[in-house]
Amino acid sequence: MIPINLVQSTAEVLMDKAAIEIPQDYLDGLQHAAKTEDGDLSSFVLKAMLENYDAAKEDRRAMCGDTGVPRWFVKMGNEARVEGGMVALEAALRRATANATNGVPLRPNRVHPLWRTDHDNNVGIGAPEIEYGFEPEGEWIDLITVHKGGLFGTDYRMLFPSDGIQGIKRFYLDSLMAFGKRGLACQPAIIGIGLGGSKDICMTLGKRASTLRIVGSRNSDPRIAEMEDEFKELGNSIGMGAMGFVGKNMVIDCNIEVGYCHTGGMPMSVHAFCLSSRRAVARIHADGRVEHRTDPDWFTDYQRRETVDWEPQREAAE
Amino acid sequence: MSPREVRLSTTPTDEAIADLQLGDVVYLDGLMYTAREGVYMRALEDKANIPMELPSQSAANFHCSPAARINPDGSFDMGAVTATASFRFAKWLPEWMAKTGAKLIVGKGGMTSKDYKEYFVPNGAVYLSTVGYGTGALLGRGVENVEAVHWNEQLGLAQAMWVIKCNRMGPFIVASDMNGDCLFERENAKIAESVARVYEGTKPAVLKRYGESDDRTDEVI
């Protein structure tokens with residue numbers, strides 16, 4: 001049984017880490033970009049961002065004044081049990097979000113869409129989002145927080161099979177061009193592409209591809225992995241860099257996730273996880289151990305399963 | 001080549017503004033206030049009295065809401081500070097500038113050269129962009145003190161009018177000048193040369209969207 005107090009205290013630490021500490025995989029990617037960048041202004045911007053990450057860690061202050069919209073992904077091993085059940089867990093995550101908003105501090109970004117009511121704590125109707133995933137074995141839970149920016153860099157379109165790969169490329173480029181100019185997407189970014197699913201799941205897949213996969217990871221389908229390489233290269237060949245200045249670094253990595261969709265369609269979404277890619281992860285074990293990491297490791301073979309039943313032995317044998 | 005660095009007062013002289021060139025890196029000293037849609041609507045549409053002497057106290061309007069808190073004793077803690085995209089505020093800025101004498105509009109992404117020529121240049125104002133975006137921790141280090149927060153109860157922390165004392169706060173990039181030229185449009189024009197090449201072989205989506213045709217009597221197929 002995982003104690004509920006441990007859930008809340010761990011969640012508060014994660015809120016703090018996500019806002020302040022740039023994940024190592026993204027930092028490595030940006031350092032590599034800074035080495036290759038030869039645009040005067042783009043180079044200056046990347047250098048300033050690298051200094052900013054150090055300043056944030058030294059001062060224990062948020063990397064960016066827009067601290068995004070905090071949300072939670074909860075992954076549970078099949079045997080995991082939380083003290084007080086899932087309602088208690090949700091209350092703990094909401095409380096941790098509110099406490100950390102005041103504590104770090106974060107910007108209280110969350111308001112009512114019509115009345116603009118702000119509780120000054122990033123908690124409200126449907127906020128923070130809490131989404132769930134499960135794994136076949138284990139008594140642990142993974143808490144993952146992501147504080148993604150909310151306004152620019154994301155788009156959705158219903159494409160059709162006849163649009164083909166060239167249609168996918170075009171919508172990808174359109175999204176980069178539209179939101180890359182003037183740096184609205186806060187690039188270079190981790191670009192996530194969702195292909196397939198129903199409309200809402202298409203958006204979810206793309207968002208998870210950008211936020212729950214790390215720089216350097218590749219889809220387990222080798223042909224999709226090839227597309228990821230190709231799309232990263234394509235985005236970086238536009239000639240646009242940080243802030244929309246002339247440059248060669250727009251995409252730190254491109255991650256693609258797919259889901260089965262309606263036979264007549266090929267829905268697509270594009271998401272940009274920005275220069276302050278705020279994510280933090282911890283696994284809480286049943287015995288009270290807490291392990292922190294920055295890789296959500298969300299997209300396991302189980303999450304990408306294609307068949308009715310999960311038969312790991314058979315899958316392993318294949 | 002590194003950009004030129006300039007230190008600038010938040011109540012700058014006309015000469016200091018005229019000297020700024022596109023792409024210069026600026027560090028600010030003096031008082032700066034945040035104002036975005038909440039403040040604009042309250043001051044311009046609801047005609048509330050602006051709780052500062054402008055522009056004598058500050059001619060620098062930051063399109064920002066900070067990551068900050070008000071402590072129970074009434075003091076402030078400001079962590080990170082970055083800008084929000086400015087283009088959405090074009091509808092209020094001409095009146096705001098006329099009313100407040102703002103000379104430095106500080107934000108994210110700049111405005112169009114049309115905006116600059118129509119009301120920035122006649123008001124002797126330029127646009128400074130934050131860097132990145134955003135160098136929130138570096139900018140936070142440049143906040144020497146939070147002097148006041150106004151309209152917090154009416155607008156909430158994120159939309160309130162924060163008054164901050166800047167001490168070599170930066171970096172910012174000069175994104176418009178006294179010709180009304182726009183740094184971002186200059187960069188767009190350079191990038192435009194390669195657009196046709198990267199799009200080569202791609203094709204328009206089979207199902208169009210309104211916006212791709214602005215004629216609402218058209219079909220989208």
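Read-outs: derived from the displayed coordinates by stated rules, not from any lab. Just so you know, these numbers come straight off a predicted model, no measurement behind them. Here Cβ is always computed from backbone atoms with ideal geometry, including for glycine, and neighbour counts include all displayed protein chains.
Quick one: how many residues across region B:58-77 are part of a loop (DSSP other than H, G, I, E, B), small (Gly, Ala, Ser) and surrounded by 24 or more Cβ atoms within 10 Å (Cβ to Cβ)? So the count comes out to 4. When region B:130-148 is filtered for residues that are within 12 Å of another protein chain (Cβ to nearest Cβ), in contact with a Leu (Cβ under 9 Å, 6 or more places away or on another chain) and in a strand (DSSP E or B), only B:THR130 remains.
Just name the residue that is nearest to A:LEU41 (Cα to Cα) out of those in region B:182-221 that are of a type in the set (S, T, N, Q) and surrounded by 15 or more Cβ atoms within 10 Å (Cβ to Cβ).
We begin by selecting, within region B:182-221, every residue of a type in the set (S, T, N, Q); these are B:188, B:194, B:202, B:213, B:217.
Narrowing further to those that are surrounded by 15 or more Cβ atoms within 10 Å (Cβ to Cβ): B:188, B:202.
Details: B:ASN188: 13, B:THR202: 30 Å.
Among those residues, the one meeting the criterion is B:ASN188.
The residue that is surrounded by the fewest Cβ atoms within 10 Å (Cβ to Cβ), counting only those in region B:78-101 that are closer than 19 Å to A:ASN122 by Cβ and without any contact (Cβ under 8 Å) to a residue 60 or more places away in the chain, is B:THR84. Which condition number does A:MET49 fail, the rest of (1) more than 12 Å from every other protein chain (Cβ to nearest Cβ); (2) surrounded by 24 or more Cβ atoms within 10 Å (Cβ to Cβ); (3) not aromatic (Phe, Trp, Tyr) being met? Just one mismatch for A:MET49, condition (1). Determine whether region A:253-266 contains at least one residue that is under 22 Å from A:ILE165 (Cα atoms), buried (at least 19 other Cβ atoms within 10 Å of the Cβ) and within 14 Å of chain B (Cβ to nearest Cβ). Yes - at least one qualifying residue is present in region A:253-266. Applying the condition of being among the hydroxyl-bearing types (Ser, Thr, Tyr) and buried (at least 16 other Cβ atoms within 10 Å of the Cβ) to region A:268-302 and asking which residue is farthest from the other protein chains (Cβ to nearest Cβ) yields A:THR294. Restricting attention to region A:115-130, the residues being surrounded by fewer than 16 Cβ atoms within 10 Å (Cβ to Cβ), more than 13 Å from every other protein chain (Cβ to nearest Cβ) and not β-branched (Val, Ile, Thr) number 2. In the condition set (1) under 16 Å from the mean Cα position of the chain (by Cα); (2) surrounded by 21 or more Cβ atoms within 10 Å (Cβ to Cβ); (3) not basic (Lys, Arg), B:THR112 is compliant with all but (2). Looking across region A:160-181, the residues that are within 7 Å of chain B (Cβ to nearest Cβ), over 17 Å from A:VAL251 (Cβ atoms) and surrounded by fewer than 21 Cβ atoms within 10 Å (Cβ to Cβ) come down to A:PHE160, A:SER162, A:GLN166.
Of all the criteria given as (1) surrounded by fewer than 18 Cβ atoms within 10 Å (Cβ to Cβ); (2) under 30 Å from B:PHE184 (Cα atoms); (3) among the charged types (D, E, K, R), the one not satisfied by A:ARG61 is (1).
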